[in-house]
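Worksheet: one structure, shown below.
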Amino acid sequence: MTDVSNLGGKTLFITGASRGIGLAIGLRAARDGANVVIAAKTEKTHPKLPGTIHTAAAEIEAAGGKALPLVVDIRFEDQVYGAVEQAVSHFGGIDILVNNASAISLTGTLETPMKRYDLMMGVNTRGTFLCSQACLPHLKRASNPHILMLSPPLDMRAKWFGPHVVYTMAKYGMSMCVLGMAEEFRDAGIGANALWPRTIIATAALQIIPGAEPELGRSPAIVGDAAWHILTRDSRSTTGNFFIDDEVLGDAGVSDLSSYAVASGKPLKPDLFIDDVL
(Lines give C-alpha, C1' and ligand atoms only; values in the text may rest on other atoms or scores of the structure.)
Protein backbone atom coordinates (compact mmCIF):
# COMPACT_ATOMS: atom_id res chain seq x y z
CA MET A 1 0.00 0.00 0.00
CA THR A 2 1.26 3.46 -0.88
CA ASP A 3 0.90 5.97 1.93
CA VAL A 4 0.10 9.35 0.42
CA SER A 5 -1.01 11.62 3.22
CA ASN A 6 -1.17 14.70 0.99
CA LEU A 7 -0.48 15.94 -2.53
CA GLY A 8 2.57 18.02 -1.72
CA GLY A 9 4.99 18.01 -4.64
CA LYS A 10 2.60 16.08 -6.88
CA THR A 11 1.80 17.41 -10.35
CA LEU A 12 -1.84 17.48 -11.39
CA PHE A 13 -2.88 18.05 -15.00
CA ILE A 14 -6.47 19.34 -14.75
CA THR A 15 -8.60 20.06 -17.80
CA GLY A 16 -11.16 22.84 -17.56
CA ALA A 17 -9.46 24.17 -14.43
CA SER A 18 -10.01 27.88 -15.02
CA ARG A 19 -13.18 27.85 -12.90
CA GLY A 20 -15.75 25.67 -11.14
CA ILE A 21 -15.04 22.09 -10.14
CA GLY A 22 -11.70 21.89 -11.92
CA LEU A 23 -10.44 24.96 -10.07
CA ALA A 24 -11.80 23.64 -6.76
CA ILE A 25 -9.81 20.42 -7.19
CA GLY A 26 -6.71 22.42 -8.03
CA LEU A 27 -7.15 24.71 -5.03
CA ARG A 28 -7.49 21.79 -2.63
CA ALA A 29 -4.31 20.24 -4.01
CA ALA A 30 -2.55 23.60 -3.86
CA ARG A 31 -3.12 23.75 -0.11
CA ASP A 32 -0.76 20.77 0.13
CA GLY A 33 1.84 22.48 -2.06
CA ALA A 34 0.98 20.64 -5.28
CA ASN A 35 1.88 21.67 -8.82
CA VAL A 36 -1.24 22.34 -10.89
CA VAL A 37 -1.34 22.46 -14.67
CA ILE A 38 -4.38 24.54 -15.64
CA ALA A 39 -5.33 23.23 -19.07
CA ALA A 40 -8.30 25.24 -20.35
CA LYS A 41 -9.45 27.38 -23.25
CA THR A 42 -10.18 30.62 -21.41
CA GLU A 43 -7.20 32.93 -21.76
CA LYS A 44 -9.28 36.11 -21.88
CA THR A 45 -12.34 36.91 -19.79
CA HIS A 46 -15.51 35.27 -21.04
CA PRO A 47 -18.46 37.66 -21.47
CA LYS A 48 -20.73 35.51 -19.27
CA LEU A 49 -18.35 33.43 -17.14
CA PRO A 50 -15.72 34.73 -14.69
CA GLY A 51 -12.24 33.23 -14.53
CA THR A 52 -9.36 32.62 -16.91
CA ILE A 53 -6.34 30.34 -16.79
CA HIS A 54 -4.39 33.31 -15.41
CA THR A 55 -6.81 34.18 -12.60
CA ALA A 56 -6.95 30.49 -11.72
CA ALA A 57 -3.13 30.36 -11.61
CA ALA A 58 -3.07 33.32 -9.24
CA GLU A 59 -5.57 31.57 -6.94
CA ILE A 60 -3.58 28.33 -7.03
CA GLU A 61 -0.37 30.11 -6.06
CA ALA A 62 -2.10 32.15 -3.36
CA ALA A 63 -3.34 28.85 -1.88
CA GLY A 64 0.21 27.52 -1.64
CA GLY A 65 0.70 25.64 -4.89
CA LYS A 66 2.63 26.17 -8.10
CA ALA A 67 0.68 26.81 -11.29
CA LEU A 68 1.28 26.42 -14.99
CA PRO A 69 -1.56 28.00 -17.02
CA LEU A 70 -1.80 26.59 -20.54
CA VAL A 71 -4.29 27.41 -23.29
CA VAL A 72 -5.62 24.04 -24.39
CA ASP A 73 -8.65 22.99 -26.43
CA ILE A 74 -8.78 19.26 -25.67
CA ARG A 75 -10.48 18.52 -28.98
CA PHE A 76 -7.13 19.01 -30.73
CA GLU A 77 -4.42 16.40 -30.49
CA ASP A 78 -1.50 18.75 -31.09
CA GLN A 79 -2.64 21.09 -28.32
CA VAL A 80 -3.06 18.28 -25.80
CA TYR A 81 0.26 16.59 -26.53
CA GLY A 82 1.97 19.96 -26.59
CA ALA A 83 0.54 20.91 -23.20
CA VAL A 84 1.54 17.57 -21.68
CA GLU A 85 5.10 18.03 -22.89
CA GLN A 86 5.20 21.56 -21.49
CA ALA A 87 3.92 20.28 -18.17
CA VAL A 88 6.54 17.54 -18.00
CA SER A 89 9.29 19.94 -19.00
CA HIS A 90 8.18 22.46 -16.37
CA PHE A 91 7.43 20.19 -13.42
CA GLY A 92 9.40 17.05 -14.28
CA GLY A 93 6.46 14.68 -14.72
CA ILE A 94 2.73 14.14 -14.23
CA ASP A 95 1.32 12.25 -11.25
CA ILE A 96 -2.40 12.84 -11.66
CA LEU A 97 -4.73 13.57 -14.56
CA VAL A 98 -8.15 15.06 -13.81
CA ASN A 99 -10.49 14.88 -16.81
CA ASN A 100 -12.88 17.62 -15.80
CA ALA A 101 -13.49 19.62 -19.00
CA SER A 102 -16.99 19.08 -20.31
CA ALA A 103 -19.56 20.46 -22.73
CA ILE A 104 -23.27 20.32 -21.99
CA SER A 105 -26.50 20.78 -23.91
CA LEU A 106 -29.60 19.29 -22.31
CA THR A 107 -31.48 19.02 -25.58
CA GLY A 108 -33.44 16.30 -27.31
CA THR A 109 -32.67 14.67 -30.64
CA LEU A 110 -34.50 17.19 -32.82
CA GLU A 111 -33.16 20.17 -30.87
CA THR A 112 -29.47 19.19 -30.99
CA PRO A 113 -27.57 20.59 -34.00
CA MET A 114 -24.76 18.35 -35.20
CA LYS A 115 -22.27 21.07 -34.31
CA ARG A 116 -23.40 20.76 -30.68
CA TYR A 117 -23.31 16.95 -30.95
CA ASP A 118 -19.72 17.11 -32.17
CA LEU A 119 -18.78 19.52 -29.38
CA MET A 120 -20.11 17.28 -26.60
CA MET A 121 -18.58 14.13 -28.06
CA GLY A 122 -15.34 15.92 -28.89
CA VAL A 123 -14.84 17.45 -25.45
CA ASN A 124 -16.37 14.85 -23.14
CA THR A 125 -15.65 11.43 -24.61
CA ARG A 126 -12.89 12.05 -27.15
CA GLY A 127 -11.16 14.72 -25.06
CA THR A 128 -11.07 12.45 -22.02
CA PHE A 129 -9.61 9.61 -24.08
CA LEU A 130 -7.06 11.90 -25.75
CA CYS A 131 -5.84 13.51 -22.52
CA SER A 132 -5.55 10.11 -20.89
CA GLN A 133 -3.60 8.75 -23.85
CA ALA A 134 -1.19 11.69 -23.78
CA CYS A 135 -0.59 11.53 -20.02
CA LEU A 136 -0.33 7.76 -19.62
CA PRO A 137 3.37 7.35 -20.53
CA HIS A 138 4.20 9.87 -17.80
CA LEU A 139 1.72 8.44 -15.29
CA LYS A 140 3.41 5.06 -15.68
CA ARG A 141 6.55 6.61 -14.19
CA ALA A 142 4.75 8.18 -11.21
CA SER A 143 4.76 6.64 -7.73
CA ASN A 144 1.00 6.84 -7.09
CA PRO A 145 -0.62 7.68 -10.44
CA HIS A 146 -4.31 8.47 -10.78
CA ILE A 147 -6.73 9.35 -13.56
CA LEU A 148 -9.95 10.89 -12.27
CA MET A 149 -12.95 11.48 -14.55
CA LEU A 150 -15.69 13.90 -13.54
CA SER A 151 -18.38 11.61 -14.87
CA PRO A 152 -21.42 9.75 -13.55
CA PRO A 153 -21.99 6.13 -12.55
CA LEU A 154 -23.16 4.07 -15.50
CA ASP A 155 -26.92 3.61 -15.28
CA MET A 156 -28.57 2.37 -18.45
CA ARG A 157 -32.16 3.24 -17.55
CA ALA A 158 -34.00 5.06 -20.31
CA LYS A 159 -34.88 7.95 -17.97
CA TRP A 160 -31.34 9.28 -18.29
CA PHE A 161 -31.31 9.10 -22.08
CA GLY A 162 -34.75 10.31 -23.15
CA PRO A 163 -34.43 14.02 -22.33
CA HIS A 164 -30.84 14.53 -23.57
CA VAL A 165 -29.52 11.44 -25.33
CA VAL A 166 -26.35 13.06 -26.70
CA TYR A 167 -25.20 14.58 -23.41
CA THR A 168 -25.79 11.25 -21.67
CA MET A 169 -23.83 9.35 -24.32
CA ALA A 170 -20.98 11.84 -24.08
CA LYS A 171 -20.75 11.69 -20.27
CA TYR A 172 -21.16 7.92 -20.19
CA GLY A 173 -18.34 7.74 -22.72
CA MET A 174 -16.10 9.27 -20.05
CA SER A 175 -17.35 6.69 -17.56
CA MET A 176 -16.67 3.85 -19.97
CA CYS A 177 -13.08 5.11 -20.15
CA VAL A 178 -12.94 4.46 -16.40
CA LEU A 179 -13.98 0.85 -16.86
CA GLY A 180 -11.59 0.23 -19.72
CA MET A 181 -8.55 2.06 -18.41
CA ALA A 182 -8.89 0.71 -14.87
CA GLU A 183 -8.62 -2.80 -16.29
CA GLU A 184 -6.07 -2.04 -19.00
CA PHE A 185 -3.64 -0.31 -16.64
CA ARG A 186 -4.29 -2.31 -13.48
CA ASP A 187 -0.92 -4.06 -13.66
CA ALA A 188 0.80 -0.68 -14.17
CA GLY A 189 -0.67 0.51 -10.87
CA ILE A 190 -2.61 3.40 -12.39
CA GLY A 191 -5.88 4.12 -10.63
CA ALA A 192 -8.73 5.15 -12.93
CA ASN A 193 -11.89 6.32 -11.19
CA ALA A 194 -14.95 8.53 -11.66
CA LEU A 195 -16.30 11.15 -9.29
CA TRP A 196 -19.78 12.67 -9.49
CA PRO A 197 -21.69 15.03 -7.19
CA ARG A 198 -24.79 13.94 -5.31
CA THR A 199 -26.35 17.38 -5.80
CA ILE A 200 -26.09 20.05 -8.42
CA ILE A 201 -22.96 22.14 -7.98
CA ALA A 202 -23.31 25.90 -8.02
CA THR A 203 -20.69 26.75 -10.61
CA ALA A 204 -20.72 29.88 -12.75
CA ALA A 205 -21.51 27.74 -15.79
CA LEU A 206 -24.59 26.29 -14.09
CA GLN A 207 -25.96 29.75 -13.45
CA ILE A 208 -26.37 30.44 -17.16
CA ILE A 209 -28.40 27.25 -17.76
CA PRO A 210 -32.14 28.11 -17.65
CA GLY A 211 -33.96 26.49 -14.73
CA ALA A 212 -30.83 25.02 -13.15
CA GLU A 213 -31.54 26.46 -9.67
CA PRO A 214 -27.94 26.70 -8.38
CA GLU A 215 -29.26 27.97 -5.04
CA LEU A 216 -30.42 24.39 -4.39
CA GLY A 217 -26.92 23.02 -4.77
CA ARG A 218 -23.58 22.78 -3.04
CA SER A 219 -20.34 24.64 -3.67
CA PRO A 220 -17.61 23.19 -5.88
CA ALA A 221 -15.48 22.78 -2.74
CA ILE A 222 -17.27 19.54 -1.87
CA VAL A 223 -16.06 17.95 -5.10
CA GLY A 224 -12.57 19.37 -4.54
CA ASP A 225 -12.42 17.83 -1.08
CA ALA A 226 -13.81 14.49 -2.27
CA ALA A 227 -11.28 14.39 -5.12
CA TRP A 228 -8.47 15.00 -2.60
CA HIS A 229 -9.54 11.97 -0.58
CA ILE A 230 -9.53 9.79 -3.71
CA LEU A 231 -6.21 11.05 -5.04
CA THR A 232 -4.44 10.48 -1.74
CA ARG A 233 -5.45 6.80 -1.73
CA ASP A 234 -3.23 4.01 -3.00
CA SER A 235 -3.73 3.90 -6.77
CA ARG A 236 -3.21 0.13 -6.99
CA SER A 237 -6.10 -0.62 -4.66
CA THR A 238 -8.30 2.31 -5.72
CA THR A 239 -9.35 1.79 -9.31
CA GLY A 240 -12.48 1.17 -11.35
CA ASN A 241 -14.76 2.98 -8.88
CA PHE A 242 -17.68 5.33 -9.50
CA PHE A 243 -17.52 7.59 -6.48
CA ILE A 244 -20.20 10.02 -5.26
CA ASP A 245 -18.81 13.08 -3.48
CA ASP A 246 -20.68 12.87 -0.17
CA GLU A 247 -20.07 9.12 0.09
CA VAL A 248 -16.34 9.70 -0.25
CA LEU A 249 -16.44 12.29 2.51
CA GLY A 250 -18.60 10.05 4.68
CA ASP A 251 -16.06 7.23 4.33
CA ALA A 252 -13.41 9.73 5.45
CA GLY A 253 -15.40 10.55 8.59
CA VAL A 254 -16.94 13.82 7.42
CA SER A 255 -20.59 13.74 8.50
CA ASP A 256 -21.56 17.42 8.56
CA LEU A 257 -21.86 18.72 5.00
CA SER A 258 -23.86 21.83 5.85
CA SER A 259 -20.95 24.16 5.12
CA TYR A 260 -21.07 23.16 1.44
CA ALA A 261 -24.71 24.19 0.93
CA VAL A 262 -25.24 27.36 -1.09
CA ALA A 263 -28.33 28.28 0.91
CA SER A 264 -28.89 26.76 4.34
CA GLY A 265 -32.34 25.43 5.08
CA LYS A 266 -33.30 24.86 1.44
CA PRO A 267 -33.80 21.36 -0.01
CA LEU A 268 -30.94 20.13 -2.14
CA LYS A 269 -31.54 19.24 -5.79
CA PRO A 270 -30.00 15.98 -7.04
CA ASP A 271 -27.62 16.18 -9.97
CA LEU A 272 -28.31 14.47 -13.26
CA PHE A 273 -27.91 10.67 -13.12
CA ILE A 274 -28.70 10.70 -9.40
CA ASP A 275 -32.16 9.62 -8.21
CA ASP A 276 -32.35 11.59 -4.99
CA VAL A 277 -30.47 13.34 -2.21
CA LEU A 278 -29.88 11.16 0.87
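Identify the residue in segment 63-117 that is among the basic types (K, R) and touching a residue at least 24 places away in the same chain (Cβ under 8 Å) and, among all such residues, is nearest to H229 (Cα to Cα).
Residue satisfying both the conditions and the ranking: K66.
Being among the basic types (K, R), under 20 Å from I21 (Cβ atoms) and in contact (Cβ under 8 Å) with a residue 40 or more places away in the chain narrows it down to one residue among R198, R141; which is it? I'd like the intermediate steps shown before the answer.
Numbers: R141 fails: under 20 Å from I21 (Cβ atoms).
R198 is the lone residue from the list that is among the basic types (K, R), under 20 Å from I21 (Cβ atoms) and in contact (Cβ under 8 Å) with a residue 40 or more places away in the chain.
State which residue pairs qualify: first residue under 19 Å from W160 (Cβ atoms) and of a type in the set (K, R) and inside segment 263-274, second residue open to solvent by 30 Å² or more (accessible area, probe 1.4 Å) and in a loop (DSSP other than H, G, I, E, B) in any location, beta carbons under 6 Å apart, and separation of 6 or more residues or different chains.
K269/E213
Quickly run through segment 25-44 and pick out the residues that are of a type in the set (D, E) and in contact with a Pro (Cβ under 9 Å, 6 or more places away or on another chain).
Hit for segment 25-44 is E43, nothing else.
Residues in segment 20-61 that are farther than 26 Å from F76 by Cα and charged (D, E, K, R): how many?
Adding up the residues that qualify gives 5.
Looking for something out of contact with any helix residue (DSSP H, G or I) (no Cβ under 6 Å at 6 or more places or on another chain), farther than 22 Å from V80 by Cβ and not small (G, A, S) - is there at least one such residue anywhere in segment 124-142?
no
Can you name every residue in segment 214-261 that is under 18 Å from A24 (Cα atoms), polar (S, T, N, Q) and in contact (Cβ under 8 Å) with a residue 40 or more places away in the chain?
Within segment 214-261, S219, T232 meet the criteria.
The values are calculated or read from the model by the stated rules, or taken from the named source; none is laboratory data. All of these numbers come straight from a predicted model, not from anything done at the bench. Cβ atoms come from the backbone with ideal geometry, glycine included; neighbour counts cover every protein chain shown. Remember, those area values only see protein heavy atoms, side chains included, never the ligands or the DNA or RNA. Shrake-Rupley method; radii C 1.70, N 1.55, O 1.52, S 1.80 Å.
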